[in-house]
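I have placed the structure first, in the form of structure tokens, so that the comments after it can refer back to it.
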Amino acid sequence: MTVVSIVTPSYNQAAYLEQTIRSVLEQEFSQIEYILIDGASTDTSVEIIRRYADRLTYWVSEPDKGQAEAINKGFTRASGDVIAWLNSDDTYLPGAVRSAVQALEGDKDLAFVYGNMFAMDAHSRTTNHLKYRQYSLEDLLCFQIIGQPAVFMRRSAFEKAGGLNPAFHFMLDHHLWIRMAQFGRMLHISRTLASARYHPAAKNRAQPAEFGQEAFRILEWAQGETSLAGVFERVSRRARASANRVNARYRLDAGEPVHALRFWLNALLIHPPTALARMNILASALLNLAGFGTIREYVLRRRQAKYRGDDSALV
């Protein structure tokens with residue numbers, strides 16, 4: 001039977017850690033190795049981990065150099081043919097592991113599979129339902145973002161790709177997907193597999209501008225990668241426009257509407273369809289600049305309210 005190895009990197013996430021652990025241990029799949037790598041937390045994380053220690057394959061609490069190093073370290077302890085990581089503020093939905101394994105067992109050419117994902121707030125209330133589609137390597141180069149908690153990988157593809165690159169801290173998962181997609185196909189599963197938590201201390205909320213800057217670093221890397229030369233040449237304008245559009249979106253989240261507008265206009269000049277597909281970024285930037293940013297906040301609150309009570313919907 002397929003063994004699945006799951007790594008949770010954690011640092012000072014005691015508020016959410018137990019919910020994450022339980023979401024893994026309560027999966028209806030018997031062959032799970034669960035490895036928890038804590039970065040020497042100073043809160044009550046270690047106390048929580050110890051409560052579940054007898055059900056963990058391995059755990060440690062010691063200083064590390066960040067998320068990528070912690071995850072890579074965890075996978076060196078793993079023996080499963082299927083691997084995944086689940087951050088300590090995210091959760092799996094019931095049946096997630098079984099669904100992913102069935103898809104990977106059904107096609108040996110798959111490098112990884114990914115499902116849909118809920119977004120939730122600090123209080124575990126659903127705020128959005130992120131539904132993806134079948135992407136290609138070209139789509140990834142053009143920054144079609146996949147929800148990381150809903151990804152399960154074949155270990156051989158992860159190792160061929162060289163694991164996570166510690167030089168990336170914000171879009172390290174997207175960088176990995178691009179490299180792995182060169183060693184096998186990716187498959188979208190039409191099922192919601194996980195929930196990602198968005199809260200003030202999360203990197204995508206606390207440091208949104210850094211995500212956009214890292215998109216440009218990935219773009220620069222892809223342009224110089226010999227193995228991607230042919231693919232990148234076909235989508236170079238769209239990829240460059242997409243990096244600008246991603247940066248615009250994160251600059252908006254960072255409360256920098258002037259920069260958001262500038263990057264959106266850059267995308268428009270480089271590849272108009274890419275920019276025009278996200279007119280909401282332009283509208284939000286202009287509203288903020290005109291002093292009507294509360295309208296965007298109102299729209300976001302209305303959207304979040306729509307999903308309250310939707311947590312059990314497995315689509």
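Per-structure values
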| quantity | calculated |
| --- | --- |
| Residue count, segment 23-55 (criterion: touching a residue at least 60 places away in the same chain (Cβ under 8 Å), under 21 Å from Tyr198 (Cα atoms) and not hydroxyl-bearing (Ser, Thr, Tyr)) | 1 |
| Residue check for Ala267: in a helix (DSSP H, G or I), in contact with a Lys or Arg (Cβ under 6 Å, 6 or more places away or on another chain) and either among the hydrophobic types (A, V, I, L, M, F, W, C) or surrounded by 17 or more Cβ atoms within 10 Å (Cβ to Cβ) (or both) | yes |
| Residues that are touching a residue at least 40 places away in the same chain (Cβ under 8 Å) and out of contact with any helix residue (DSSP H, G or I) (no Cβ under 6 Å at 6 or more places or on another chain), drawn from segment 12-21 | Gln13, Ala15, Tyr16, Gln19, Thr20 |
| Test result for Glu233, assigned to a helix (DSSP H, G or I), in the same structural domain as Gln13 (by TED's automatic domain parsing), out of contact with any helix residue (DSSP H, G or I) (no Cβ under 8 Å at 6 or more places or on another chain) and exposed (fewer than 15 other Cβ atoms within 10 Å of the Cβ) | no |
| Any hit, segment 246-259, residues being hydroxyl-bearing (Ser, Thr, Tyr), under 26 Å from the mean Cα position of the chain (by Cα) and at pLDDT 95 or above | no |
| Contacts under 9 angstrom Cβ, first residue in segment 223-238 being within 10 Å of Glu138 (Cα to Cα), partner at pLDDT 95 or above and charged (D, E, K, R), 6 or more apart | Val231/Glu138; Phe232/Glu138; Phe232/Glu225; Arg234/Glu138; Val235/Glu138; Val235/Asp139; Arg238/Glu138 |
| Qualifying residue in segment 200-210 (condition: over 29 Å from Tyr16 (Cα atoms) and not aromatic (Phe, Trp, Tyr)) | no |
| Among the residues listed as Ala181, Ala248, the single one being assigned by TED's automatic domain parsing to the domain that holds Ala84 and either at positive phi or not aromatic (Phe, Trp, Tyr) (or both) | Ala181 |
| Criterion: within 30 Å of Arg234 (Cβ to Cβ) and buried (at least 22 other Cβ atoms within 10 Å of the Cβ) - qualifying residue of Leu140, Leu130 | Leu140 |
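The values are calculated or read from the model by the stated rules, or taken from the named source; none is laboratory data. Keep in mind it's a predicted model, so treat the numbers as computed, not measured. Don't worry about glycine lacking a Cβ; one is built from the backbone with ideal geometry, like all the others, and counts go over all protein chains shown.
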